[in-house]
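The structure under discussion appears below in the form of C-alpha cells.
The values are calculated or read from the model by the stated rules, or taken from the named source; none is laboratory data. No experiment lies behind these values; they were computed from the predicted model shown. Cβ coordinates were reconstructed from backbone atoms using ideal geometry, including for glycine residues, and neighbour counts include every protein chain displayed. We work out accessible area using only protein heavy atoms, side chains counted, and drop any ligands, DNA or RNA first. Shrake-Rupley method; radii C 1.70, N 1.55, O 1.52, S 1.80 Å.
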Amino acid sequence: MRRGASVWLPRIESARAGRMVFAPTGGPLRRNAYGIAEPATAQRLAARWLHLVLVPLVAVDQGGTRLGMGGGYY
C-alpha cells in the first residue's frame, strides 16, 4: 500500500452459486452467511482485474492443484 497498490478483500456474492467478488479495504465490515467478516461496501471488482491474489491453502499437489478445506470459492 505504501507503493500505491490497493488491497481488495474477497466477498461472497452468492454462497449457493459459489460466486465471489472483491471489495476494497478500509470500509465497514459485515458478517456473511458463514460468520466471516467481509467488506460491506457496494463497490466490487471481478478477480480478473487483480494483479496478484494471495490464497489460503493447506498444500498443493505435484500438479499445482490447491488442496484444502472450505467452500471452494478460491
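Structure above, values below:
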read-out	value
Condition met for residue 35 (open to solvent by less than 70 Å² (accessible area, probe 1.4 Å), assigned to a loop (DSSP other than H, G, I, E, B) and out of contact with any strand residue (DSSP E or B) (no Cβ under 8 Å at 6 or more places or on another chain))	yes
Flag if residue 1 is outside any loop (DSSP other than H, G, I, E, B) and not basic (Lys, Arg)	no
Positions within the stretch 19-32 being out of contact with any helix residue (DSSP H, G or I) (no Cβ under 7 Å at 6 or more places or on another chain), within 18 Å of residue 55 (Cα to Cα) and assigned to a strand (DSSP E or B), in sequence order	19, 20, 21, 23, 24
Any pair with Cβ under 6 angstrom, 6 or more apart, that starts in the stretch 42-61 at a residue that is assigned to a loop (DSSP other than H, G, I, E, B) and ends at one that is open to solvent by less than 90 Å² (accessible area, probe 1.4 Å) and among the charged types (D, E, K, R)	57/66
Condition check for residue 49: at pLDDT 80 or above, exposed (fewer than 10 other Cβ atoms within 10 Å of the Cβ) and under 14 Å from the mean Cα position of the chain (by Cα)	yes
Residue satisfying condition, being at pLDDT below 90, among the basic types (Lys, Arg), more than 13 Å from the chain's Cα centre (by Cα) and open to solvent by 80 Å² or more (accessible area, probe 1.4 Å), within set 16, 30	16
